[in-house]
Structures are given as C-alpha cells and as structure tokens.
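Worksheet for the structure shown next.
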Amino acid sequence: MPRPNTPEEQAALIRVIIEEVKIRGRLTVSEASQMLSLHRQTAEKYFRVAAERGELIRYGRLGLFRDQKAVIDFDLQRFSYGSSKPLIELPADFRGSAVMRRVIEIVGRMPALKSVTVFDFLN
C-alpha cells in the first residue's frame, strides 16, 4: 500500500497543478491524476485546495480554470453546435435567380444590427 504524501509533497503537487492550469487554461481531474500519477480522489482533493486558495476557478465537475474568460471560452466551444457550417446547402444557381437578387438588394439597404456577445456584459 502506498504511503501518504507528506505536507511538503502535497504543497508541491498543488503548486504543479496551479502552474499547469495557468499554462493550459483548463485542467481536468483525470488529466492531473494521469500526469502526476495520483489517485483520482487525491487529485480531486488537491483541486479543491487549489480552488480554495482563490487562484483558480472550479467549474462544477468540468475541471479547474485559469480565469472567468477561460470558463466562458470553454462554454462557448461546448455549446456551439457547428454554427460555422450552414444548416441548408443552397444550389449554386440560387443566388442568380431574380427573387434572390431582389432579397439581397432589400437586405443590403437595411441598417446593420449590432451583435451582442457575452464579453459585452463582462466589461
């Protein structure tokens, strides 16, 4: 049976976890337990200690984060459902139709709306 870590070893491991989160932006319990060869429960305990020190943010069971911006970036990535690709593929000749040319002409005259992001509320 392995021996328990001394307080000095615990402090050193917690420092390593904090430094790794500051470098990566996010660290999960499973990544930390693999990286440091710790039991998962031990890594969870060290995560709680690191979050209590106030240097990092513990976001549910999703890991430790460097700051609130890293949490928001993670959520935006997690909840974006492939918005970069169009939902419907339009035929190539569709833009050339008379109706579509009229729609583009009308939309082109409309005033642009200001898009609001999550970061507008943080500042």
The range 58-70, residues that are part of a helix (DSSP H, G or I) and surrounded by fewer than 18 Cβ atoms within 10 Å (Cβ to Cβ)
GLN68, LYS69
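Yes/no matrix, rows are residues, columns are (1) polar (S, T, N, Q); (2) at pLDDT below 80; (3) part of a loop (DSSP other than H, G, I, E, B); (4) exposed (fewer than 10 other Cβ atoms within 10 Å of the Cβ):
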{"site": "PHE47", "(1), (2), (3), (4)": "no, no, no, no"}
{"site": "ILE88", "(1), (2), (3), (4)": "no, yes, yes, yes"}
{"site": "ARG95", "(1), (2), (3), (4)": "no, yes, no, no"}
{"site": "ALA112", "(1), (2), (3), (4)": "no, yes, yes, yes"}
Does GLU55 satisfy the criteria of being assigned to a loop (DSSP other than H, G, I, E, B) and either modelled with pLDDT of 80 or more or not charged (D, E, K, R) (or both)?
yes
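Out of all the residues in the range 58-69, is one or more of a type in the set (Phe, Trp, Tyr) and free of Cβ contacts under 8 Å to residues at least 40 places away in the same chain? First the steps, then the outcome.
At the first step, the residues of the range 58-69 found to be of a type in the set (Phe, Trp, Tyr) are 59, 65.
Those still in the list that are free of Cβ contacts under 8 Å to residues at least 40 places away in the same chain too: 59.
So far as the range 58-69 goes, yes, one or more of its residues are of a type in the set (Phe, Trp, Tyr) and free of Cβ contacts under 8 Å to residues at least 40 places away in the same chain.
The values are calculated or read from the model by the stated rules, or taken from the named source; none is laboratory data. Note that the structure is a prediction, hence the values are computed from the model and not measured. With ideal geometry, Cβ positions are generated from the backbone for all residues, glycine too; neighbour counts draw on all protein chains shown.
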